[in-house]
1. Under 5 Å between amide hydrogens, which residues at least 5 positions from V116 or on another chain qualify, with H placed 1.01 Å from N in the peptide plane?
2. What net charge is computed for the residues neighbouring V93, neighbours being all others with C-beta under 15 Å from the C-beta of V93, Lys and Arg scored +1, Asp and Glu -1?
3. By counting other Cβ atoms within 10 Å of each Cβ, how are V83, V39 ranked from fewest to most?
4. Counting other C-beta atoms within 10 Å, which of F49, F79 has the fewest, and how do the rest follow?
5. Ordered by residue, what ³J(HN,Hα) values in Hz, to whole numbers, does the stretch 86-94 give under the Karplus form 6.51 cos²θ - 1.76 cosθ + 1.60, where θ = phi - 60° and Gly and Pro are x?
6. How much net charge surrounds F79 when only the other residues with a Cβ under 13 Å from the Cβ of F79 are counted, with Lys and Arg +1 and Asp and Glu -1?
7. Please turn the phi angles of the stretch 70-76 into ³J(HN,Hα) values with the Karplus equation 6.51 cos²θ - 1.76 cosθ + 1.60 (θ = phi - 60°), one per residue in order, whole Hz, x for glycine and proline.
8. Once the convex hull of the C-alpha atoms of the stretch 34-151 is built, how many Å³ does it hold per residue, rounded to a whole number?
Amino acid sequence: MNEPQLRQSMGQRVRGSIRRMSEVPRKFDRQQLLDLAPVATAPIRYHVFVCTGKSCSAVDSVLVRDAFEQQLKERGMLFGREVKGKNPQGTVVLTECASVGFCAIGAAVMIYPDGVWYAQVSANDVSEIIEEHILNGRVVERLALLQISGS
Ligand code: FES
């Protein structure tokens, strides 16, 4: 098989797999999906990501994550199940993530929908980020390194 034939064959395979995927019937209708994922109907306003990749973990990003979890719980803002001390009507989702490229300047914390990436965050900074950014909509400039705009 020459190169053009190979490319054509691969293209057909890719197109074929896309076609097959689109033919897979959905298992649940929309209401069933909403029932299975309460976060979809919660009043979520912010999504906080804390990097717990290798480099950020080396500068205690797990403590940063724990501080967010504890303080957001105390304020009743952390979305999640009541049995876990969280609030099903919480407005903040907290998620650990893997490396985002701030490895040399962690711990990295990203807050969406604002698209603000904070660098060198420590557990001691968490209350300020919650108070200023999440509650009052003011970016903590001394820690903010990047803002990704949606437009
Ligand atoms: S390990 Fe956190 S940004 Fe790379």
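What follows is calculated from the coordinates using simple rules that are stated; it is not laboratory data. Every value quoted in this text rests on a predicted model; they were computed, and no experiment measured them. So basically every Cβ, Gly included, is an ideal-geometry build from the backbone, and we count neighbours across all protein chains shown.
1. Distant-sequence amide H within range of V116: I111, I148.
2. Taking every Cβ under 15 Å from that of V93, the sum is +4.
3. By the 10 Å Cβ count, ascending: V83, V39.
4. F49, F79
5. Couplings: 9, 10, x, 10, x, 9, 10, 9, 10 Hz.
6. Local charge sum for F79: +4.
7. Values, residue by residue: 5, 6, 5, 4, 4, 8, x Hz.
8. Working: hull volume 13.1 nm³, N = 118.
Cα convex hull per residue, to the nearest whole number: 111 Å³.
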